[in-house]
Amino acid sequence: MRPKHEPEQITDLSRLRAFMNPLRMQLYRLLYASGGATASQLAEHVDETPSLVSYHLRKLSEHGFVTQVNGRSTDGRERWWEVASEEGWGFRDSDFTDTPEGASAVGAVTRGIIDTRVAQYRTYLDQKSAWGKAWNDAAFSSEWLLDLTAAELGEMSDEFEALARRWRERGKAARTSGDTEDREHVSVHLYGFPFRP
């Protein structure tokens, strides 16, 4: 049984393929950050039609990534959506790379994730002056070159995840208690991978 706070591990290829569409990845990230939205609200953010966004939300729902929220509609016609789990999801390459279809899906989804993250960081860089000194001084971008074994890299990954989870819970508790002044969404990207110079 997986620990309570661990992201769901995708092992089914059809579920992984749901994220081969970049718009679905974008919609999922927006729902995760906002805590919930309608297709119309999301359509404004992604510059698409509400009907196309609704279609992709239904596809994400079919695979268990998002769910409809009852009781938030003000007129009974709006459909509100949210992510199915705030713990998110992940996958291991090795669960899919034994077939060409699986390897292709892993490559497409991983590249989509990286493209989304790079676009998000570039947006921050383009808008840096609007954030002001405090946010710009707090933001960071770092790279370390380490000599590790695969087991040590896995251990470091677990430590980073525990650290990020602790800070996420701290921010969530603050929002719940009404402490929202100067609080913004913050995206933290860490990568750890082997390379040979």
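The values are calculated or read from the model by the stated rules, or taken from the named source; none is laboratory data. For clarity, every value in this text was computed on a predicted model and none was experimentally measured. Methodologically, a virtual Cβ is constructed for each residue, glycine included, from the backbone with ideal geometry; neighbour enumeration extends over all protein chains shown. Ligands, DNA and RNA are excluded from the accessible area calculation, which covers all protein heavy atoms including side chains. Shrake-Rupley method; radii C 1.70, N 1.55, O 1.52, S 1.80 Å.
Structural remarks
- When restricted to residues that are under 12 Å from the mean Cα position of the chain (by Cα) and not aromatic (Phe, Trp, Tyr), segment 5-34 contains 10.
- Among the residues of segment 63-70, not a single one is in a helix (DSSP H, G or I), open to solvent by less than 20 Å² (accessible area, probe 1.4 Å) and either modelled with pLDDT of 95 or more or among the hydrophobic types (A, V, I, L, M, F, W, C) (or both).
- Filter result for GLN41 (open to solvent by 70 Å² or more (accessible area, probe 1.4 Å), more than 20 Å from VAL109 (Cα to Cα) and not hydrophobic (A, V, I, L, M, F, W, C)): yes
- Some residue of segment 14-33 being free of Cβ contacts under 8 Å to residues at least 24 places away in the same chain and over 21 Å from THR116 (Cα atoms): no
- Residue within segment 122-135 that is surrounded by 11 or more Cβ atoms within 10 Å (Cβ to Cβ), closer than 20 Å to PHE91 by Cβ, of a type in the set (Phe, Trp, Tyr) and in contact (Cβ under 8 Å) with a residue 12 or more places away in the chain present: no
- Number of the condition not met by LYS128 [criteria: (1) under 22 Å from GLN9 (Cβ atoms); (2) out of contact with any Leu (no Cβ under 9 Å at 6 or more places or on another chain); (3) not hydrophobic (A, V, I, L, M, F, W, C)]: (1)
- Annotation: ALA33 fulfils all but one of (1) of a type in the set (A, V, I, L, M); (2) closer than 18 Å to MET20 by Cβ; (3) exposed (fewer than 15 other Cβ atoms within 10 Å of the Cβ); the unmet one is (2).
- Residue list for segment 100-118, restricted to those being in contact (Cβ under 8 Å) with a residue 24 or more places away in the chain and out of contact with any Pro (no Cβ under 8 Å at 6 or more places or on another chain): GLU101, GLY102, ALA105, VAL106, ALA108, VAL109, ILE113, ARG117
- Filtering segment 34-51 to residues that are in contact (Cβ under 8 Å) with a residue 24 or more places away in the chain and farther than 27 Å from LYS172 by Cβ leaves only GLU48.
- Which numbered condition LEU42 fails, given (1) farther than 21 Å from PHE91 by Cβ; (2) at pLDDT below 95: (2)
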